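All remarks here apply to the structure that follows.
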Amino acid sequence: MSWPASLSRRLLATPAYWWAGMLLLVLIGGLVWVSRTDPVAGAYAIRQAVVEHEQAGVPRVSTVELPHVWDDQSPRWEGQARYRLAWPEALVAGQGDARPLGLLLPRVGARYRVWLNGQEVADRFWSYEGFADASLVPQIVSLPRAWLAADPKDNRLEIEVQGQPLRKSGLSLVQVGDHDALKQRHAQLMWWQVYATWMVAACSLMLGLMALLLWLNTHERLFGLLAAATFAWTIRLVLTPLETPPMSFELWYYLQKLSFTVYCGCLYLFMWDLFDYRQGLIRSFVNGLLIVGPVWLAVTVYFNNYTMYQIWMAIITLTSVVALVKLFHRARWGLDANQRLMVVFGAATMATGVRDFAVVNMGLPGDADIRWMTVGSLMLMYALGWVLVRRVSSAMEQVRLLNAELSQKVGEREDELQRLFERLRLVESQRVLEAERRRLTRDMHDGLGSQLVQALNVVRGSGQQVDSSAVAAMLNHALEDLRMTLDSLEPMDGDLPTILGTLRQRIAPALQAARVELDWQVEEVPPIPGLEARGVLHVFRCLQEVFANILKHAQAGRVTVITRDLGGQVELCVRDDGVGLGAVRRASAPGSGGRGMGNIRLRAAELGVAVSFEDARPGTCVRFTFPLQQPDPLAAH
C-alpha cells in the first residue's frame, strides 16, 4: 500500500471528536487574535479620562481608567457623565493632510454625544423618547480635521454619556486616528458582535425547528429539551443587537436574561438525557433554577438591582462548571462518539461563556468588546445538529433493521400459514372424499341394493314360475337408479339447467307413457354454488319424488318446469294441473301421507335450499329457492 493511501486511511479512521477539537483550537485562536487590545495601526488608544459626574446631587470630578463601567463603581453610578479625553500629542493637524479622522467607540452606553473643541460632532439617541442602547453595536464617529487646533494640547475631546440602569453603562477603550484604519476595526467588531449574532440566531432557529418536528413525531423528551433550548437561545440572540427594540427596556431586559436562563437549563437537561444520567440533586437543582429564574429576574428588573443579576449569572456559571465536571466524570465509564463530541464542544462553549462572564462582568483583563460565547454557541449548534442527525440516522437504521426482522418473521408466518392452509385443504379434501364415499355407499345400498334385493326375493318366492315382467320392472328401476347416481357424478359446476336437462332424459319416457305433457320453461340462470355430486343427487332425488307423486296421485295432464333468476337467488318451480295438494293427501293411505314431502324437505335442508308446497288451483306447485352465496366450508372448522 502506498504512503498517501495509508495516510488517507488513517485520517478517515480518526474519530470526529479529534477533528472537532482541532477545529475548536483554530477558532479560539482566531478569537484571541481578533480580541487583541493593541491600538489599530494609524490610530492612538486613549486609556484615561477625566469624568464630570453628579453623585447624590453633588458634582464630582474624578480621573478613571478606560474601560470604565458604572456598575462597577461603589456606589453605582447613574444618570449622565461627561468624559474629557486627552488628545494624543502625536496626532497633529498637518497642513495638506486630507485623510479623515475617526473615533472608534467599541462600547459606549447607553446614549452618547461627542464634542470636539466645543462643537458637537455626533448625537446617538440622546433625545430619543423610547428605549435605546447604543452599547449593543460598536460605534464610529468622523472627526472634522478643520475643527482641530494647531497645537494638540489645545484640542478638547469630550464624550457625554447617558446611562441605563441594569446595563453596562460607561465608556470602553477609545481609539482616535485614521478613519479608514478604524473603519476596518469597526467592520471586524460589527462582524463578531452583530452579523455573527444574526447568523447564529438563524442556525439556532433552524435547529430548533428540526428538533421540534422530531419531538412532535416521536414525543421523545430529548428532542423537546433541545427545541426549547435552541428557541430560547434564538430569542436572546435576536434581542441582543437591537439598538431600538420595539418594547420597553424592562420587557427587553427580562426576556433577554430569561431566555439565557432557559437556554442554559434546557441545554443542561438535554446533555443529562443524552448521557443517560440517573436522577440526581444537580438535575433537581437545574429544574429549580428554571422555576425560580422568572421570579428572580422579575425582582431584579423591578428593583433595578444589578447585584442580583450578577449573583444569578454567577449561579448559572457555577452550574455550567459543575455540569462540565460531571461530563468528564462520566467519561470514566466510557462515552460513545456522539457523547465525546458533545464533551469537546460543550467544554469549549462553557469555556467561552466563563471567559465572557469573567471579562465583562467581573472586570478581569481582556477585550470585553468581543463576546466569545456567540461564536462558541455556533460551534455548539453544529455539534448538536450533528448529534441530532446521527441520532435520527441511528433510529432510522434501527427501524430498518426492525422492519427487516419483522418482514422476515411475517414471511415465516406466511409460509407456516400456507403450510397449515394446505394441510387443512388436504384434510378437507379427504373429509369430502370420505363423505362422498359414504354417500355413494349409502345411496347404492338404499337405492340399487334395495331394488336388487327385492328382485331377488321375487325370483326366490316365485319358484319355477318366475314373473319375468315384474322382475324386469324391478331390474329396470334399479338400472335407472344406478344411472341417476352415475349422472350425479358428472361435473356440472352448479349449472342448474344442465342438471335439469339430465333429469329430463330420465323422466320424459315415464311422462309420455302416462300421457302427461311436459312444458319446459327452463332458462339460463347463474351457477349455484355447492351443487357438487352430493348436491346434484339430492336435486335428482327431490325431483324424482315430485314427479313420482304427480304420476301416482295428481291425475295431471300437464307439468310445467320453470327456472328464474331472482337476484341473489334462483327459483325452480314444478307445477301440475292435477287434483291439488288436499285431494292427494286425502287419497293417500293412512300412515303414509307426507312421507315423500318429508324426504324432500330433509334433502333440501341438507343443501341449504328453501322448499315450499303450494296449491296452484288447479294442481300443486313445488317451489325450490337456491341461494347464490354459501359460506366457506372451512369457516366452520
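Return the only residue of Ala232, Ala181, Ala228 being at pLDDT 90 or above, assigned by TED's automatic domain parsing to the domain that holds Phe125 and in a helix (DSSP H, G or I). Quick ask: steps written out before the conclusion?
Values: Ala232 fails: assigned by TED's automatic domain parsing to the domain that holds Phe125; Ala228 fails: assigned by TED's automatic domain parsing to the domain that holds Phe125.
Step by step, each of Ala232, Ala181, Ala228 is checked, and only Ala181 is at pLDDT 90 or above, assigned by TED's automatic domain parsing to the domain that holds Phe125 and in a helix (DSSP H, G or I).
Among the listed residues Val321, Val354, Val359, which satisfies the condition of being touching an Asp or Glu at 6+ places or on another chain (Cβ under 8 Å), within 30 Å of Gln73 (Cα to Cα) and either surrounded by fewer than 20 Cβ atoms within 10 Å (Cβ to Cβ) or at pLDDT below 75 (or both)? Even if it seems obvious, please write down each step before you answer.
On the way: Val321 fails: touching an Asp or Glu at 6+ places or on another chain (Cβ under 8 Å); Val354 fails: touching an Asp or Glu at 6+ places or on another chain (Cβ under 8 Å).
When all the criteria are applied, what remains is Val359.
Conditions (1) farther than 21 Å from Phe223 by Cα; (2) buried (at least 22 other Cβ atoms within 10 Å of the Cβ), marked per residue:
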residue: Tyr253; (1), (2): yes, yes
residue: Gln256; (1), (2): yes, no
residue: Tyr268; (1), (2): no, yes
residue: Met271; (1), (2): no, yes
residue: Asp276; (1), (2): no, no
residue: Leu281; (1), (2): yes, no
residue: Ser284; (1), (2): no, no
residue: Leu289; (1), (2): no, no
Check on Leu173, hydrophobic (A, V, I, L, M, F, W, C), modelled with pLDDT under 90 and buried (at least 20 other Cβ atoms within 10 Å of the Cβ): yes
Whichever residue in the stretch 129-148 is without any contact (Cβ under 8 Å) to a residue 60 or more places away in the chain and in contact with a helix residue (DSSP H, G or I) (Cβ under 7 Å, 6 or more places away or on another chain) and, among such residues, is nearest to Ala110 (Cα to Cα): Ile140
Hits in the stretch 54-89 (condition: of a type outside the set (Gly, Ala, Ser), assigned to a loop (DSSP other than H, G, I, E, B) and either farther than 15 Å from Leu166 by Cα or at pLDDT 90 or above (or both)): Leu66, Pro67, Trp87, Pro88, Glu89
Tally, over the stretch 149-171, of residues that are in contact (Cβ under 8 Å) with a residue 12 or more places away in the chain, over 19 Å from Tyr306 (Cα atoms) and assigned to a loop (DSSP other than H, G, I, E, B): 3
Cross-chain or 6+ apart pairs with Cβ under 8 Å, the stretch 113-128 first and within 13 Å of Leu103 (Cβ to Cβ) and touching a residue at least 40 places away in the same chain (Cβ under 8 Å), then outside any loop (DSSP other than H, G, I, E, B) and of a type in the set (Gly, Ala, Ser): Arg113/Ala122; Val114/Ala122
Any hit, the stretch 126-149, residues being acidic (Asp, Glu), assigned by TED's automatic domain parsing to the domain that holds Tyr83 and surrounded by 18 or more Cβ atoms within 10 Å (Cβ to Cβ): yes
The listed residue being in contact (Cβ under 8 Å) with a residue 24 or more places away in the chain and in a helix (DSSP H, G or I), out of Trp252, Trp296: Trp252
Members of the stretch 46-82 that are touching a residue at least 12 places away in the same chain (Cβ under 8 Å) and basic (Lys, Arg): Arg47, Arg76, Arg82
Matching option when the condition is modelled with pLDDT of 85 or more, over 60 Å from the mean Cα position of the chain (by Cα) and of a type outside the set (A, V, I, L, M), among Asp565, Asp577: Asp577
Cβ-Cβ under 6 Å pairs, at least 6 apart or on other chains, the stretch 556-576 side surrounded by fewer than 17 Cβ atoms within 10 Å (Cβ to Cβ), far side of a type in the set (Asp, Glu): Arg558/Glu517; Arg558/Asp577; Arg564/Glu571
Residue under evaluation Phe540, criteria (1) modelled with pLDDT under 85; (2) farther than 16 Å from Ile507 by Cα, criterion not met: (2)
Unmet requirement for Ser284, which otherwise passes all of (1) within 33 Å of the chain's Cα centre (by Cα); (2) within 23 Å of Met381 (Cβ to Cβ): (2)
Among the candidates Leu433, Leu448, Leu440, Leu420, residue that is at pLDDT 85 or above and assigned to a helix (DSSP H, G or I): Leu420
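The values are calculated or read from the model by the stated rules, or taken from the named source; none is laboratory data. None of these values were measured; they are calculated from a predicted model. Note: ideal-geometry Cβ built from the backbone for every residue, glycine included; neighbour counts use all protein chains shown.
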